[in-house]
1. How large a share of the accessible area of the chain, in percent, is made up of carbon and sulfur atoms when the probe is 1.4 Å and the other protein chains stay in place?
2. Could you give the accessible area per residue of region 114-272, probe 1.4 Å, as a whole number in Å²?
3. Please report the relative contact order for region 102-146, taking Cα pairs under 8 Å with a sequence separation of at least 6, and give it as a percent rounded to a whole number.
4. Express the C-alpha Rg of region 1-116 as a ratio against the empirical globular expectation 2.2 N^0.38 Å, rounded to two decimals.
5. Among bridges DSSP assigns within the chain, what percent are antiparallel (round to 5)?
6. Counting Lys and Arg as +1 and Asp and Glu as -1, what is the net charge of the other residues whose Cβ lies under 12 Å from the Cβ of L63?
7. How far apart, in nm, are two points set 7 Å out from the Cα along the Cα-to-Cβ line at R84 and at L264?
8. Using mean projected area of the Cα convex hull in nm² as the read-out, say which of (i) 18.3; (ii) 16.3; (iii) 13.5 was calculated from these coordinates.
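The values are calculated or read from the model by the stated rules, or taken from the named source; none is laboratory data. Predicted model, so just to flag it, every value in this text is computed and none were measured. Here the Cβ positions follow ideal geometry from the backbone for every residue, glycine too, while neighbour counts run over all protein chains shown. Please note that ligands, DNA and RNA were not included when accessible areas were found on the heavy atoms of the full protein model with its side chains. Shrake-Rupley method; radii C 1.70, N 1.55, O 1.52, S 1.80 Å.
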Amino acid sequence: MILAHLSDLHVRPVGVPAYRVAETNKLFARAVDALLALEPRPDAVVITGDLTDCGLVEEYEELTRQLKRLPMPVHLVLGNHDRREAFREVFGEAEGAADGFTGFDVEVDGVRLIGIDTVVPGASFGLLCEHRLAHLDALLAARPDVPTLIAMHHPPATCGIGHMDRIALLEGADRFAEIVARHPHVERVLAGHHHRPIQSRFAGTILQVAPSVAHQVVLDLSVDGPSAFVMEPSAYLVHVLVDGAVVSHQAYVERHDGPYPFILDPAYPGLG
């Protein structure tokens, strides 16, 4: 199993950068190029929210134009910048979602991938109500023998960046943690929203937050740090099943010099 994990695309109407600075459409197109160049190619792609910047139908239509370039299945989670109604108008509804919410329940080469909806319309923070939590609990209980990844937008734990922690999963996080802890076959909780690569122990498993393929949030660990972004390199994650365990790698969207072979320097034959 090879699963590419992208997040926080913030696709805009054509020709309109996000925050007047971030050329998010161009950066997402380059991310698609990067996925197409991977060897071997991923079996599937998951994108953990903020697919668009304003939740406009024209933004989702622009998103589809890029996604059509990918030959593998793509599974989409909504974020706080998305809008369920506009998303459904373009993409329809995926099988496995809780009633009234978006989501999915699929298998990727022996690994189960469950997408859940943490969106609160009109708000930046996330929420999991009892309906969504019960639905997730039932899904996990139904197949306890299959290694499982849960994909969501809002991280269910604090990360130390104050202004992002204040808009994380603010309701239902404790109950979510209880559910995950009772299901040891959950290999990862995959999230986005924070626009940074972040890893943490969570409820007996690993919480893995993907960086953005667009702009990154400034790494400021002060409690009252300002809400700001920086044009650090676009990146994404690749999750691989190796000997029955999920292993995660960070990859960069832009191409860099190389690859170069490791050739021993004859002056230092013991090194290399």
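1. 55 percent
2. It amounts to 49 Å² per residue over region 114-272.
3. Relative contact order comes out at 28 percent.
4. Cα-based Rg divided by the globular estimate yields 1.04.
5. 55 percent
6. -3
7. If labels sit at R84 and L264, their model points lie 6.3 nm apart.
8. Step by step, mean projected area of the Cα convex hull in nm² for this structure corresponds to label (ii).
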